[in-house]
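Only the coordinates and a few stated rules stand behind these numbers; no lab work does. Predicted model, so just to flag it, every value in this text is computed and none were measured. So basically every Cβ, Gly included, is an ideal-geometry build from the backbone, and we count neighbours across all protein chains shown.
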Amino acid sequence: MHRRTLLTAITAAPLVAPLAGARAQAAWPTQGVRLVVPFAAGGPTDIPARLFAEELGKVLPQRVVVENRTGAGVVVGSDMVAKAPKDGHTLLYNTVAHSVLRGLFPRLPFDPIADFTPVALLGQIPLVLLVNKDVPAQTMPELLALLRANPGKYDYASSGNGGAVHLGTELMLKRAGLRANHVPYRGTGAVMPDLLAGRVAIYMDVAATGLSYAARGDVRALAISAGQRIPQAPHLPTFAECGVADAESYTWHMVLAPAGTPAEVVTAANHAFNQVVKLPAVQQKLSDMAMLLRSDTTPASARAYLLSEINKWETIIREAGIKVE
């Protein structure tokens with residue numbers, strides 16, 4: 001009897017892990033899920049968030065609703081999620097903005113690391129370096145040589161002080177050992193007229209919009225901030241190919257839960273988001289936004305990525321003396 005019991009236990013053992021995983025997924029969600037977006041409705045972060053919410057509603061037993069909570073950058077929406085019930089029914093859909101909070105705002109009502117549990121890194125959108133047509137540089141190496149020969153002569157625009165474009169440009173300049181004058185604007189819409197008119201020389205736009213301007217011939221695109229060439233613009237070299245190493249920068253999209261959310265709930269949410277990323281229709285729509293998709297991240301790998309981004313950007317903020325008013 002002892003031997004028969006032992007054999008039965010061994011035979012049944014492989015079934016335990018799948019069943020445990022199924023129970024974890026079945027435990028979430030038990031009610032509607034709020035996906036809090038700390039950006040305005042209709043913007044470049046809100047649009048993919050709504051796509052995810054719609055598709056999640058098809059694979060989950062409960063509805064997923066996007067709730068836009070803006071204010072103080074991303075602070076108001078993020079604070080709301082940090083203080084939400086720790087049950088996985090209120091999640092934060094944030095970008096690289098989450099990784100610069102401590103560096104830019106010394107008095108936050110929450111800790112971007114301690115008060116959140118990363119669920120999944122969904123995708124990364126690189127930046128594309130643009131110059132107006134009057135700039136006497138046809139390639140990225142020529143631009144670097146121009147800036148090197150004329151330190152402080154040329155201006156670069158950003159879509160906001162302390163934003164992804166500002167920080168990404170500072171990272172590239174620092175890695176290249178170059179200097180240019182920063183001219184902050186309020187959004188890409190305010191930058192482009194001055195870039196097209198030649199009043200500002202350089203702008204590192206998010207690829208989704210920057211590539212469209214370059215395709216029309218309004219500006220020249222010289223390089224991409226990704227680690228490798230992207231399918232949306234295979235002709236554009238990376239910064240590393242042009243001699244500027246360790247200058248990768250993205251505005252990425254990540255889902256986070258309040259710290260203390262049960263691990264099995266976080267795992268179930270991670271599985272659901274990764275499942276949606278793999279849908280062909282979702283992949284096509286997000287590729288049109290120049291997003292490089294990730295469907296392989298775990299909560300642990302998402303946390304490791306977030307910590308590396310916080311370390312990178314806080315260092316750049318400190319070294320460049322970047323402050324927000």
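For ALA120, what residues show an amide H to amide H distance below 5 Å, using hydrogens built from the backbone and excluding near sequence neighbours?
Placed amide hydrogens put VAL255 under 5 Å from ALA120.
Counting only Cα, what are the radius of gyration and maximum Cα-Cα distance Dmax of region 126-242, in Å?
My reading of the Cα-based Rg and Dmax gives 12.6, 34 Å.
Can you pull the one-decimal nm distance between simple spin-label points at GLU54 and ARG179, each 7 Å off the Cα toward Cβ?
5.0
If I stretch the segment between GLU142 and THR30 completely, what's the gain in nm (0.36 nm per residue apart, minus their alpha carbon distance), one decimal? The partial results should precede the final answer.
On the way: separation 112, 0.36 × 112 = 40.32 nm, distance 5.75 nm.
34.6 nm is the gain from fully extending GLU142 to THR30.
How far, in nm, would the chain grow between SER287 and LEU196 when pulled straight, counting 0.36 nm per residue and subtracting the alpha carbon separation? Write out the running numbers ahead of the final one.
Details: separation 91, 0.36 × 91 = 32.76 nm, distance 2.63 nm.
Extra length available between SER287 and LEU196 comes to 30.1 nm.
Need the full-extension length gain, ALA259 to ALA114, defined as separation in residues times 0.36 nm minus the C-alpha distance. One decimal, nm.
Values: separation 145, 0.36 × 145 = 52.20 nm, distance 0.68 nm.
So the chain would gain 51.5 nm between ALA259 and ALA114.
Of LYS153/LYS323; LYS86/LYS312; LYS153/LYS174; LYS133/LYS323; LYS285/LYS312; LYS278/LYS312, which ones are farther than 26 Å apart at the Cα? Before the final figure, lay out each step's value.
Details: LYS153/LYS323 22 Å; LYS86/LYS312 29 Å; LYS153/LYS174 16 Å; LYS133/LYS323 31 Å; LYS285/LYS312 30 Å; LYS278/LYS312 29 Å.
Over 26 Å Cα-Cα: LYS86/LYS312; LYS133/LYS323; LYS285/LYS312; LYS278/LYS312.
FRET efficiency for HIS235 and SER308, Cβ-Cβ distance as r, R0 = 30 Å, nearest 0.05? Present the calculation step by step, with values, prior to reporting the outcome.
Values: r = 29 Å, r/R0 = 0.98.
Computed FRET efficiency for HIS235 and SER308 comes out at 0.55.
Write down Rg/Rh for the chain, rounded to two decimals, with Rg from the C-alpha atoms and Rh from the Kirkwood relation over Cα pairs.
Numbers: Rg = 22.2 Å, Rh = 21.1 Å.
Over the Cα atoms of the chain, Rg/Rh equals 1.05.
Work out the P(r) tail for region 39-91: percent of alpha carbon pairs separated by more than 18 Å, whole number.
Numbers: 515 of 1378 pairs.
Distances greater than 18 Å cover 37 percent of the Cα pairs.
Let me check I've understood the local charge: for ALA82, count other residues with C-beta under 11 angstrom from its C-beta, Lys and Arg +1, Asp and Glu -1. What total comes out?
Numbers: positive: LYS83, LYS86; negative: ASP79, ASP111, ASP115.
Charge balance near ALA82 sits at -1.
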